[in-house]
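The values are calculated or read from the model by the stated rules, or taken from the named source; none is laboratory data. Model, not experiment: these values are computed from the prediction. Counting neighbours? That spans all protein chains shown, and the Cβs are built from the backbone with ideal geometry, glycine included.
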Amino acid sequence: MLRVIRSVLKGAAAVVAVCFVTLEMLSAICIETGLVAADTPNYRMPGSRPFWIDRNPHFGMWHEPETEYVHAKSCFSVTYRTNAYGARDRARKKAGDLPRVVMLGDSFTEGYGLDRDDRTSDILEAATRREHLNFGTSGHFGPTQSWLLYKHLAKGFDHNLVILNLLPDNDFTDDDPKHAGAYPEQYRPYLERKGGGYEVVYVNADARGASERNIRREKRRFLGRLMRNFTYTANAYNYFRGLLPQLTARSADHAELGSGYSGYFDFTQAQAERLIEVLSRLLAEAEDRTVIVTLIPRPTDMATDAPSPLPPILEILKAEHQNLHIIDFREKFAAMAWKPFYRTCDGHWSPAGAKAAAEVLMADPVYREAMGLK
């Protein structure tokens, strides 16, 4: 009997091994050829702490301080490092000479897939010799989170200019509480309409803090990081696990759009009104400082030269906020050979794209005035 059981177990183990090897090979082919825009294994033991973590009590997703992460895809391999405040940036002090810039936004601001010196913020700092403090982060980070990060963290650093980079491609859905289910178990703040105004609400509030449940979750996350660092299969699974809910969220608002979604055109009225509210709150926090809001296009947004309704909507805010300035990179990039501006494996900026954005800002009169440049 024992011999039969051992034989069955060996056979089952062989089947599992063959299935895993096959799945790993298929995942590797799909990722390395660019069919799936997932990360690749970096073959390093993960640290005891994750790099991105949604634990900040005010804005959720952020980085662990003084830690690093090797991020690899088929078209890049980059090491990220954070400072004492959790920003992916060099060491900074709260006190500093003006002119000085605070930069807010998501993965494009953080420099997803870019060495630190290749990011827009660092290119501008080198060109102007003025500090550009980078407070961007990946992790489905929306405008509401950027406002709260500014209010509770970045505002404490001396500065005279705020640059908020908006990504219409996902900022509308990232900020919409109706689509909170697209980010399961993630601790996130949203502006939710209450009566005639808006109120900050947090989803998955019980996921924050050192509870027994959260300690168990961190242990599972370590195992997940270990699998992602050493297998293509885990990275492919992680990619599709995050992608499918986002596509569902978009199709819930625009069922007829399918893969043709463009955040420059396909936002809802409720999403536009929420964005205006968020920007109004950010401008109030900034007080008399100059605030530049940039709009970052994805390749799908560049596919048409039709005028977008988004920039005119944002311009309405300027009637009440003279310190607001809008820069639409889509309009600026349209006059350039923009296709090399995006990574072939995932659609984020390449070094050329980040450099082009820096050049647009360097040529902008409002930015130059804030920087004290002639």
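Values for this structure:
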| item | result |
| --- | --- |
| Filter result for the condition that a residue is over 28 Å from ALA38 (Cβ atoms) and either modelled with pLDDT of 85 or more or loosely packed, with under 14 Cβ neighbours inside 10 Å (or both), over GLU185, GLU199 | GLU199 |
| Any hit, region 84-99, residues being under 21 Å from LEU314 (Cα atoms) and either assigned by TED's automatic domain parsing to the domain that holds ASP328 or in contact with a Pro (Cβ under 9 Å, 6 or more places away or on another chain) (or both) | no |
| Matching residues in region 69-84 - criterion: being in contact with a strand residue (DSSP E or B) (Cβ under 6 Å, 6 or more places away or on another chain) and surrounded by 14 or more Cβ atoms within 10 Å (Cβ to Cβ) | TYR69, VAL70, HIS71, VAL78, TYR80, ARG81, THR82 |
| Residue that is nearest to TYR367 (Cα to Cα) [pool: residues in region 328-342 that are in contact (Cβ under 8 Å) with a residue 24 or more places away in the chain and in a loop (DSSP other than H, G, I, E, B)] | ALA334 |
| Residue count, region 141-153 (criterion: of a type outside the set (Val, Ile, Thr) and in contact with a strand residue (DSSP E or B) (Cβ under 7 Å, 6 or more places away or on another chain)) | 7 |
| Condition met for PHE333 (surrounded by 13 or more Cβ atoms within 10 Å (Cβ to Cβ) and at pLDDT below 90) | no |
| Any chance SER280 is buried (at least 19 other Cβ atoms within 10 Å of the Cβ), farther than 24 Å from GLU131 by Cβ, over 19 Å from the mean Cα position of the chain (by Cα) and of a type in the set (Gly, Ala, Ser) | no |
| Options THR40, THR67; residue that is touching a Ser or Thr at 6+ places or on another chain (Cβ under 7 Å), in the same structural domain as GLU199 (by TED's automatic domain parsing) and β-branched (Val, Ile, Thr) | THR67 |
| Residue match in region 345-354 (condition: part of a helix (DSSP H, G or I) and over 18 Å from LEU114 (Cβ atoms)) | no |
| Pair list, Cβ under 9 Å, 6 or more apart: region 156-175 residue farther than 20 Å from HIS132 by Cα, other residue part of a strand (DSSP E or B) and among the aliphatic types (A, V, I, L, M) | PRO168/LEU295; ASP175/LEU191 |
| Failed item in (1) without any contact (Cβ under 8 Å) to a residue 24 or more places away in the chain; (2) in contact with a helix residue (DSSP H, G or I) (Cβ under 8 Å, 6 or more places away or on another chain), with PRO299 passing the rest | (1) |
| Of all residues making up region 69-100, the number that are aliphatic (A, V, I, L, M), closer than 19 Å to LEU149 by Cα and in contact with a Lys or Arg (Cβ under 9 Å, 6 or more places away or on another chain) | 1 |
| Wholly enclosed strands (runs of 3 or more DSSP E) of region 26-91 bearing at least 1 residues of a type in the set (Ser, Thr, Tyr) and touching a Phe, Trp or Tyr at 6+ places or on another chain (Cβ under 7 Å) | 68-73, 76-81 |
| Qualifying residue in region 300-309 (condition: outside any helix (DSSP H, G or I) and within 23 Å of the chain's Cα centre (by Cα)) | yes |
| Filter result for SER74 (touching a Cys at 6+ places or on another chain (Cβ under 7 Å) and at pLDDT 80 or above) | yes |
| Some residue of region 63-71 being within 23 Å of HIS152 (Cα to Cα), hydrophobic (A, V, I, L, M, F, W, C) and touching a residue at least 12 places away in the same chain (Cβ under 8 Å) | no |
| Extreme residue, farthest from ALA38 (Cα to Cα), among residues of region 92-108 that are within 17 Å of the chain's Cα centre (by Cα) and outside any loop (DSSP other than H, G, I, E, B) | VAL102 |
| Subset of region 202-239 (residues that are under 30 Å from ARG274 (Cα atoms), modelled with pLDDT of 75 or more and part of a loop (DSSP other than H, G, I, E, B)) | ASN204 |
| Qualifying residue in region 290-298 (condition: buried (at least 18 other Cβ atoms within 10 Å of the Cβ), basic (Lys, Arg), touching a Phe, Trp or Tyr at 6+ places or on another chain (Cβ under 8 Å) and not in a loop (DSSP other than H, G, I, E, B)) | no |
| Matching option when the condition is buried (at least 16 other Cβ atoms within 10 Å of the Cβ) and on the phi > 0 side of the Ramachandran plot, among GLY34, GLY60 | GLY60 |
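Matching residues to (1) without any contact (Cβ under 8 Å) to a residue 40 or more places away in the chain; (2) not polar (S, T, N, Q):
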site: ILE326; (1), (2): yes, yes
site: THR344; (1), (2): no, no
site: GLY347; (1), (2): no, yes
site: LYS355; (1), (2): no, yes
site: MET362; (1), (2): no, yes
site: LYS374; (1), (2): yes, yes
